[in-house]
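All remarks here apply to the structure that follows.
Rule-based calculations on the coordinates, nothing more; no lab input. Please read all numbers here as calculations on a predicted model, not as lab measurements. With ideal geometry, Cβ positions are generated from the backbone for all residues, glycine too; neighbour counts draw on all protein chains shown.
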Protein chains: 2
Amino acid sequence: MRDELGRLRRFNRLLTQRIGLLDERYLGSPLPFAQARLLYEVAVLAPLATHHLRRLLAVDAAALSRGLVALQARRFVRREVDPSNARNRIVEVTAKGRQVLATLDRRADERVGAMTAGLAAGDRRRLLDALDQARRLLVGAVVRIERRAAHHPDAQAAQAAYLGEIARRFGRPLDHWNQGPIAAAVSLVVADGRRPMGCGALREIAPGVGEIKRMWLHPDARGLGLGARLLAALEAAARGLGHDEIRLDTNDRLREAIALYEGAGYRPMKRYNDNPDATRFYAKQLRPAREIKRIVLGRRCDRRENPSPTPTGS
Amino acid sequence: MRDELGRLRRFNRLLTQRIGLLDERYLGSPLPFAQARLLYEVAVLAPLATHHLRRLLAVDAAALSRGLVALQARRFVRREVDPSNARNRIVEVTAKGRQVLATLDRRADERVGAMTAGLAAGDRRRLLDALDQARRLLVGAVVRIERRAAHHPDAQAAQAAYLGEIARRFGRPLDHWNQGPIAAAVSLVVADGRRPMGCGALREIAPGVGEIKRMWLHPDARGLGLGARLLAALEAAARGLGHDEIRLDTNDRLREAIALYEGAGYRPMKRYNDNPDATRFYAKQLRPAREIKRIVLGRRCDRRENPSPTPTGS
DNA sequence: GCCGATCGTTGACAGTGTCAACGATTGGAG
DNA sequence: CTCCAATCGTTGACACTGTCAACGATCGGC
């Protein structure tokens, strides 16, 4: 046990103090380190309101404000007042910002490439496999899927990131049909103890029929099996509500999502709603579980507890 | 290839931005982060002269000076003027300093332990194995064993760290017999591109007979096979000088070193010198290599090239 | 219409990393 | 022996980072 901790911490020290793998500070960057990091994080999530960014990046409001001001001064980001709420500002990355980001990206690749250039192909593969294995296990050890009130800031931030990613990938925001809050019976948040990294909601659209909405994972958290865990947690929650069927709609362009749903046993069905952004519809029959598995780990621990019960139905 | 870089950098981001594994900053420490880190590094190497510390830690002279002043103000380290050279200061860690360090160590262990508490025993073992594998491969990819002039600052710093570790482990400095510079025919430095992490020297003690002196690895770099690589590099250098035998002396207390030598084929022999600190003596016959393997990787690249040839013999 | 909560900004300050300049000391050339 | 260049540690200056507190502007609910 004592030795196990030592091995972990030796790895830690190796990476922080010996090998510069993690230290992406000195890339001859046109930007100070914190700004470059912020630009990357914002670009992955934008367009998004500032206070949601604050949640998703787990940074201080003051630091974020100053960082965004600095990035805006260089015309790497744009901030516009949210038309629906003048207190909020929507942050977007400009074309110039994305261009600079591509440069930084290339430099980081070169640096990491040079670092592993000394390895034979087989060793390189072994290294990457070991790192992936470690990544998967570390995430498994740290990440929790927790139930949160639908209006909890973490849940709202992750859902906003979902809408932001759709807007970026579709080149336009979702139809009005899909905007605004949804009346979720269950709202789950994937979190690593520091910041939310995913979300998913379940609402009842007919007696005994649940619908999965706004399932999202931070791009950096994809490919680690978290999507399947989140989906299973939502299904478990549906069983807990007595549902025997779950439906969902999605879009052809969201290939990762489609693969996830089909892999989890969802079958295509005919259009069941008027969602103008949806092109595919799926359903899965839930076998009544003899024993509801507690896949949802951790206790409900909203930071701002809502005294009234979570609203259900639409 | 592009994807390989992505996997490496995703791991990087996971550890830096998502999982706090590497971020040992907020341990409720009685010390600011940089000072805690400095105290750890100094404790591993002390007693040692400041300018050698500067090399081994790869920190700016100004930062080191300020850090040591701060640690001294808290009575965690002691700095004394080097009696042999009034410009230099010898840094030592006080008992109070080691005590604080033990506290920090315990907190870090608790933190890492809490992080992996969610893993089953099998997964925990798999995680540690994957991290060890990654550590070994990363070190193999990055570390170089380079020939350096005996008076090169990196070589001198590593040798000084060797003497400092002996002094710490023996509870007294080495006998005068072993102090001072040695007339090395070959001086090798283990380096990761940022800072020296080991050294070894070879000198000729009789025609055709080499002796290995001052072989040392930074404690954080042990257990990764670097000792064997360094030893092989020294033997290759001896072959290059036409030696057919290598000898070395060591002390019963240096168990890791003894295991390394015996594992590499060194056989005990009778005392061959008057070294008062030595209790064990080893020799290995070198088969004349038909083809001298270039185990010493990298070209000779002293930062301060010595125009005169490296002195040989004693 | 008022009040408390939320949002973003700004000031202040400690900590950090880096460059330049400075005295003190050393070792060697002349 | 003297002088000079190099080395060593310290200090000043400055930019960058992270955090806390205070502030106006805005919003939502009673």
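The overall shape of segment B:2-113 is oblate: from the C-alpha gyration tensor, with semi-axes ordered a ≥ b ≥ c, the ratio a/c is 1.5 or greater and a/b is no larger than b/c. The charge dipole of the protein assembly as shown, taken about the Cα centre with unit charges on the Cβ atoms of Lys, Arg (+1) and Asp, Glu (-1), comes to about 360 debye, rounded to the nearest 20. Positive contributions from Lys and Arg (+1) and negative ones from Asp and Glu (-1), summed over other residues with Cβ under 12 Å from the Cβ of A:Gly225, come out at +3. Here the spin labels are modelled as points 7 Å beyond Cα on the Cα-Cβ line, and at B:Lys270 and B:Glu256 they lie 3.4 nm apart.
The mean count of C-beta atoms from other chains within 10 Å of the C-beta of residues in B:184-197, rounded to a whole number, is 1.
Look at the alpha carbon pairs under 8 Å that are at least 6 residues apart: their mean separation over the length of chain B gives a relative contact order of 16 percent. Build a GNM of chain A with springs between Cα atoms under 10 Å: which of A:Asn12, A:Asn275, A:Asn251 gets the top mean-square fluctuation? For chain A, modelled as a Gaussian network with Cα springs under 10 Å, the answer is A:Asn12.
Mean separation of Cα pairs under 8 Å and 6 or more residues apart, divided by the residue count, gives segment B:215-281 a relative contact order of 32 percent. Only Lys, Arg, Asp and Glu carry charge here, each on its Cβ (+1 for the first two, -1 for the last two); on that basis segment A:2-110 has a dipole of about 240 debye about its Cα centre.
The calculated 222 nm mean residue ellipticity attributable to helices in chain B amounts to -13500 deg cm²/dmol, summing -39500 (n - 2.57) over DSSP H runs of n ≥ 4 and dividing by all residues. Using a Gaussian network for chain A with springs between C-alpha atoms less than 10 Å apart, which of these wobbles most: A:Glu235, A:Glu211, A:Glu262? Looking only at A:Glu235, A:Glu211, A:Glu262, the biggest GNM fluctuation is shown by A:Glu262. Of the trypsin sites (Lys or Arg not before Pro) found in segment A:74-174, those in coil by DSSP whose Cβ has at most 14 other Cβ atoms within 10 Å are A:Arg75, A:Arg87.
Just the Cα atoms of segment A:73-131, one point each, no solvent: what log10 I(q)/I(0) does Debye give at q = 0.14, 0.16, 0.17 Å⁻¹? Evaluating at q = 0.14, 0.16, 0.17 Å⁻¹ gives log10 I(q)/I(0) of -0.62, -0.68, -0.70.
With its label point put 7 Å out from Cα toward Cβ, A:Gly240 sits 6.7 nm from the same residue's point in the other copies, in order from shortest.
Sorted from greatest to least, the principal axis extents spanned by the alpha carbons of chain B come out as 59, 52, 39 Å. From largest to smallest, the equivalent ellipsoid semi-axes obtained for the protein assembly as shown from the alpha-carbon gyration tensor read 57, 26, 23 Å. Overall, chain B carries a charge dipole of about 680 debye about its Cα centre when +1 sits on the Cβ of Lys and Arg and -1 on the Cβ of Asp and Glu, all other atoms neutral.
Ordering of A:191-201, B:54-64 by packing is A:191-201, B:54-64, highest average first (other Cβ atoms within 10 Å, averaged per residue).
With the charge dipole of segment B:144-285 set up from +1 on Lys and Arg Cβ and -1 on Asp and Glu Cβ about the Cα centre, the Cα lying farthest toward the positive end among the listed residues B:Gly263, B:Tyr162, B:Leu224 is that of B:Leu224.
Neighbours of B:Asp175 by Cβ distance under 15 Å: Lys/Arg scored +1, Asp/Glu scored -1, total +3. A crude spin-label estimate for the pair A:Ala120 and B:Arg287, with each label 7 Å from Cα along the Cβ direction, gives 2.1 nm. When only alpha carbons of segment B:210-288 are considered, Rg and Dmax amount to 12.4, 34 Å. Take the Cα of B:Ala206, go 7 Å toward its beta carbon, and the backbone nitrogen atoms of segment B:233-260 under 19 Å from that spot belong to B:238-239, B:241-250. Using the Karplus relation 6.51 cos²θ - 1.76 cosθ + 1.60 with θ = phi - 60°, the per-residue 3J(HN,Hα) values for segment B:182-192 come to 10, 7, 8, 7, 9, 10, 10, 10, 8, 9, 10 Hz, with x marking Gly and Pro. Averaged over the residues of B:137-147, the number of partner chain Cβ atoms lying within 10 Å of the residue Cβ comes to 5. Specify the angular offset, from 0 to 90 degrees and rounded to the nearest 10, of the alpha carbon long axis of helix B:121-142 from the longest principal axis of the alpha carbons in chain B. On a 0 to 90 degree scale, this one is about 50. Once the Cβ-Cβ distance of B:Asp129 and A:Ala86 is raised to the sixth power relative to R0 = 51 Å, the FRET efficiency obtained is 0.40.
In a Gaussian network model over chain A where Cα atoms closer than 10 Å are linked, find which of A:Pro276, A:Pro47, A:Pro173 has the largest mean-square fluctuation. Taking springs between Cα atoms under 10 Å, the residue moving most is A:Pro276. Taking 17 Å as the cut-off, the amide N atoms of segment B:185-211 that come nearer than this to a point 7 Å along the Cα-to-beta-carbon line of B:Asp244 belong to B:205-211. Using the alpha-carbon centroid of each, what span in Å lies between segment A:248-274 and segment B:240-260? The two parts, judged by their Cα centres, are 67 Å apart. Distances between placed amide hydrogens fall under 5 Å for B:Leu48 paired with B:Val91, all partners being 5 or more residues away or on another chain. Determine, from the Cβ-Cβ distance of B:Asp277 and B:Lys96 and an R0 of 45 Å, the FRET efficiency 1/(1 + (r/R0)^6), rounded to the nearest 0.05. Efficiency computed from Cβ-Cβ geometry: 0.90.
Once the Cβ-Cβ distance between B:Arg194 and A:Ala228 is put in as r, and R0 is 35 Å, what FRET efficiency do you end up with, to the nearest 0.05? Calculated value: 0.30.
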